[in-house]
1. If you scan segment 21-40, which residues turn out to be in a helix (DSSP H, G or I), within 13 Å of F124 (Cβ to Cβ) and either outside the structural domain of K130 (by TED's automatic domain parsing) or of a type in the set (D, E, K, R) (or both)?
2. Can you find a residue in segment 226-242 that is closer than 28 Å to I101 by Cβ and surrounded by 16 or more Cβ atoms within 10 Å (Cβ to Cβ)?
3. Test of understanding: among F222, F212, F247, F216, which residue is modelled with pLDDT of 95 or more and not in a helix (DSSP H, G or I)?
4. I want to confirm something. Restricting to segment 165-203 and keeping residues that are farther than 20 Å from S213 by Cβ and of a type in the set (K, R), which single residue is nearest to the chain's Cα centre (by Cα)?
5. Of the residues that sit in segment 149-163 and are part of a helix (DSSP H, G or I) and at pLDDT 95 or above, which one is surrounded by the fewest Cβ atoms within 10 Å (Cβ to Cβ)?
6. Which of the residues belonging to segment 42-96 are among the acidic types (D, E) and assigned to a loop (DSSP other than H, G, I, E, B)?
7. Mind telling me which of the residues K41, K35 ends up being surrounded by fewer than 17 Cβ atoms within 10 Å (Cβ to Cβ), within 20 Å of N135 (Cβ to Cβ) and touching a helix residue (DSSP H, G or I) at 6+ places or on another chain (Cβ under 6 Å)?
8. Go through segment 15-38 residue by residue and tally those that are of a type in the set (S, T, N, Q) and under 18 Å from G87 (Cβ atoms).
Amino acid sequence: MDTGKELIYRLYIQREEAFVRTDIKREFSRYEDIKNGDVEKVKENFKEIRKDFFKGKGTLSKNPLRNCMYHFVVSVGVIARICLNAGMPHDEAYTISDIYIFAADECKTTEKIIDLLEQAHIDFATRMKKLNIKNNYSVYVRHAIDYIYDHLHDQITLEQLSKNENLNPSYFSKIFSKEIGIPVKSYILSVKINTAKNMLKRSDYSISDIAFSLGFSSQSAFTAAFKKLTGKTPAKYRKELSYIAPF
């Protein structure tokens, strides 16, 4: 593809129309806020972005919806790579990006795509905020958190976590509770229930399948734990979600 003539033509049109692209420093300042996990600043930034979404952006397609979609893909792709470079796990960064791009492909209006982009900005910022907090934990606690997320299908115990770090269970429990703010058992349960909530929302797995995939001894044990933390049974939680759009 010979871009020479097209480049000359487009630059001429842009000069004639007094088109000015978004300042790169300002753009990356906004990405920096996402990387730093400054959720409130990210929300404020997007209010400005939303006011004139296409200002300073090139035309990537004659089709308005497709043009918006392409800008969405570029933005989410850049954010994923910035967060990856700042420490977000490789698979997590790219998979979140995939999820949002897949969802955007289902949107029927530019307004829906812009709404979804705001959610993506906030989602990445929220995850980076948690990651930045995690990086301040001791190596023992960071290892424990990673182990918990990698073994959600198991019945994880304090003894196993402390053994992994060659520490006395009582001593490890004190370190974990001091840094995280809640006991090990409560943290494990909260992670499993939050994962279950996402599975109930995003998948068609049965409640019993979710229960056993998260290491619960039975569906009734899972239901009791879920209700204790959310105030609802898994069935009621899923039923209520059926009336809400997934994004």
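The values are calculated or read from the model by the stated rules, or taken from the named source; none is laboratory data. All values reported here derive from a predicted model rather than from experimental measurement. Glycine gets a Cβ as well: all are built from the backbone with ideal geometry, and neighbour counts include every protein chain shown.
1. Passing the criteria: R30, E32, D33, K35.
2. yes
3. F216
4. Going through the qualifying residues, I end up with K178.
5. E159
6. Answer for segment 42-96, where residues must be among the acidic types (D, E) and assigned to a loop (DSSP other than H, G, I, E, B): just D52.
7. That would be K41, the only listed residue that is surrounded by fewer than 17 Cβ atoms within 10 Å (Cβ to Cβ), within 20 Å of N135 (Cβ to Cβ) and touching a helix residue (DSSP H, G or I) at 6+ places or on another chain (Cβ under 6 Å).
8. Counting residues in segment 15-38 that are of a type in the set (S, T, N, Q) and under 18 Å from G87 (Cβ atoms) gives 1.
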